[in-house]
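Contents: one structure, followed by commentary.
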Amino acid sequence: LPLTLQVKNKAPAEVQITAEQLLREAKERELELLPPPPQQKITDVEELNDYKLRKRKTFEDNIRKNRTVISNWIKYAQWEESLKEIQRARSIYERALDVDYRNVTLWLKYAEMEMKNRQVNHARNIWDRAITTLPRVNQFWYKYTYMEEMLGNVAGSRQVFERWMEWQPEEQAWHSYINFELRYKEVDRARSIYERYILFSALVLVHPDVKNWIKYARFEEKHSYFAHARKVYERAVEFFGEEHMDEHLYVAFAKFEENQKEFERVRVIYKYALDRIPKQDAQNLFKNYTIFEKKFGDRRGIEDIIVSKRRFQYEEEVKANPHNYDAWFDYLRLVESDADAVTVREVYERAIANVPPIQEKRHWKRYIYLWINYALYEELEAKASSKNSGQVYQACIELLPHKKFTFAKMWLLYAQFEIRQKNLPLARRALGTSIGKCPKNKLFKGYIELELQLREFDRCRKLYEKFLEFAPENCTSWIKFAELETILGDIDRARAIYELAIGQPRLDMPEVLWKSYIDFEIEQEEYEKTRNLYRRLLQRTQHVKVWISFAQFELSAGREQRLQRCRQIYEEANKAMRSCEEKEERVMLLESWRAFEEEFGSDATKERIDKLMPEKIKKRRKLQAEDGSDAGWEEYYDYIFPEDTANQPNLKLLAMAKLWKKQQQESEAAAVDPDKDIDESET
């Protein structure tokens, strides 16, 4: 094994050499520069031949080492060319082509050598061989046609172009051919080339691009062949059809017609394209149409453009979310203001086809207004027959899942529509069906209101009976029924209805019902019955407002002993309210009593009520959070009534104990600091 050398001194060297120093020294010493070869002066023919022999031997050796390196062949041929040995250079190029005939550079160098030495026929021969061997190399064709054109051989150049076109070249090749003909003012030939180009691209689908048709049309326009240009545009529109429409074609067509001052044609072209091209692909088209209308259109045309733009926006919104009913409402409002009835119906049909997927009423609340607006539009705006609007109502009613929920508004609107059409039996049938299928308070109220307007009171009575069977807890319906009987003068029926109402076990607003019953008896001046009602009501509830209302009734009802009766009611109320936990209600009663005594009472009664008024004190109580922990203290106001204090002697004893404790604290403070008392006495 070789021995590893150990470095004894690992300290850095005293003199450090950097890479910059190394490069600078190399530059100063010029180590990499070789001295130039000595110049060789050839003085006679033998030396020249000897030099040629050595150089040729070197080139041949390089070629023999690697025949595929084309650069060696090109250098060899260029060296022979520099010695004016054209035949030898030609031979070298031919040998190189035998090695690699696909090398483009080799063909180009070969042909350039012949052209440089004015060997035109040889150059033609080389170009001809090149385009025959490699017809897809466009550079050969360009060079060949350019050479013929520089030589003034226009016919020869045209012939080369024709040979080139047979190979179905790219777009630029056709345009080069067209530009070649235009340089020699051959407009008809250029047109025929365009025709071949367009026809060829249409049949073989090599270049079925819109821009090729546009270039052809602009070529005709540039040379003032406007009829030809219009025909080209029309052919392009017909060729692409409605399946492959492109906005660029129609924009170019419209601009051409605009330049020809054919504004109606321009408008027709834009509208035709906007109606058929998808909106997301027609942004540029719409922009140009807007500019055109602003330049040459009237106010109506500009409004049409704005409407079409908004229509496109709404179409995108409803396409993204068909159940976005707000977008449908905006869209329908737009088309109603600007479109014909057929278009509006079509949009309405599309909108109502988007039925909410879930049968829950909250999802249907916005959707149902589409049907309502549709029916109203058919009746009011479209001026169509009543049959259309009635069919809309019927279709909507059939669509609703009445077993789960319904919309009373729809039934009532349908009934009102039939009444406007003077079909009262149909209206009654619709409302009767609605009550039978899905009874609702609103349906009963609407039906009763209809019969009231028709003065069919017997029908109203029957409907109220059905209504109260359906919802006996509805106090409003009881009150309305009784008011109807009152208006009709049947007081006993009205009273019987009120008695039935207050006898119901469940009521939604019993206080309103009792008040209405009491007001009814007051209107009939049945004061004894009113007192009995108040007594019956007080058996059910001891609410302070009932007592106050009773007292005010006694004050206003009876002429004799009215003050005594009123004061007696207040006395009874005060006794009844002593056990009430809500002290604010008791205070409210006493304040009402005091107001009564101030107006009608004597000094004795006023003094008595003043003694009954409570004392308002501030207290503190502990608060607890939801989890049971302490949440601090809060202050509140409490009322202490003199009557309660007299009945509870413990409260008086407690007050005396507090006073004694306060005196004890003051005496202790004086004993601790007697100087303070002396200072206070001096001051």
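The values are calculated or read from the model by the stated rules, or taken from the named source; none is laboratory data. What you see is a predicted model; the values in this text were computed from it and never measured. As a convention, Cβ positions derive from the backbone with ideal geometry for all residues, glycine included, and neighbour counts pool all protein chains shown. SASA here: full protein model, heavy atoms, side chains in, ligands and nucleic acids out. Shrake-Rupley method; radii C 1.70, N 1.55, O 1.52, S 1.80 Å.
Rounded if a/c is under 1.5, else prolate if a/b is larger than b/c, else oblate: which is region 361-461, with a ≥ b ≥ c the root eigenvalues of its Cα gyration tensor? Write out the running numbers ahead of the final one.
Numbers: a/c = 2.13, a/b = 1.16, b/c = 1.84.
Judged from the Cα gyration tensor, region 361-461 comes out oblate (a/c at least 1.5, b/c at or above a/b).
Expressed as a whole percentage, what fraction of the accessible surface of region 1-126 belongs to carbon and sulfur atoms when a 1.4 Å probe is rolled over the protein heavy atoms? Walk me through the numbers before you get to the answer.
On the way: 5460 of 10400 Å².
Of all accessible area on region 1-126, carbon and sulfur atoms account for 53 percent.
What are the ³J(HN,Hα) values, in whole Hz, obtained from phi via the Karplus relation 6.51 cos²θ - 1.76 cosθ + 1.60 with θ = phi - 60°, for each residue of region 11-21 in sequence order, with x given for Gly and Pro?
6, x, 5, 5, 9, 8, 10, 9, 5, 5, 5
Hey, with R₀ at 56 Å, roughly what FRET efficiency would Val120 and Gln21 work out to, going by the Cβ-Cβ distance, to 0.05? Before the final figure, lay out the partial values.
On the way: r = 63 Å, r/R0 = 1.12.
Once the sixth-power term is evaluated, E becomes 0.35.
For Glu220, Glu195, what's the largest-to-smallest order of accessible area, 1.4 Å probe? Walk me through the numbers before you get to the answer.
Details: Glu220 0, Glu195 60 Å².
In descending accessible area the options line up as Glu195, Glu220.
Just flag the trypsin sites (Lys or Arg not before Pro) in region 345-418 sitting in loop per DSSP whose Cβ has no more than 13 other Cβ atoms within 10 Å. Working shown, then result.
Working: sites: Arg345, Arg350, Lys361, Arg362, Lys365, Arg366, Lys383, Lys387, Lys403, Lys404, Lys409; in loops: Lys365, Arg366, Lys383, Lys403, Lys404.
Answer by residue number: Lys365, Lys383, Lys403, Lys404.
Could you order Leu563, Leu22, Leu463 by accessible surface area, starting with the largest, using a probe radius of 1.4 Å? Don't skip to the answer; put the middle values down first.
On the way: Leu563 55, Leu22 105, Leu463 20 Å².
Most to least solvent-accessible, the answer reads Leu22, Leu563, Leu463.
Separation of region 418-479 and region 59-105 by C-alpha centroid, Å?
So the separation of the two Cα centres works out to 112 Å.
Residue by residue through region 320-329, what is 3J(HN,Hα) from phi via Karplus (6.51 cos²θ - 1.76 cosθ + 1.60, θ = phi - 60°)? Round to whole Hz and write x for glycine and proline.
Running phi through 6.51 cos²θ - 1.76 cosθ + 1.60 with θ = phi - 60° gives 5, 9, x, 9, 7, 5, 5, 5, 5, 4 Hz.
If I compute solvent accessible area with a 1.4 Å probe over the protein chains, what percent of it on region 389-490 is carbon and sulfur? Provide the component values of the computation, followed by the final result.
On the way: 2660 of 5190 Å².
The nonpolar share, carbon plus sulfur, comes to 51 percent.
Can you pull out the trypsin sites (Lys or Arg not before Pro) in region 429-483 that DSSP calls coil and that have at most 13 other Cβ atoms within 10 Å?
Arg455
With all protein chains present, calculate the accessible area of Phe226 using a 1.4 Å probe and round the result to the nearest 10 Å².
80
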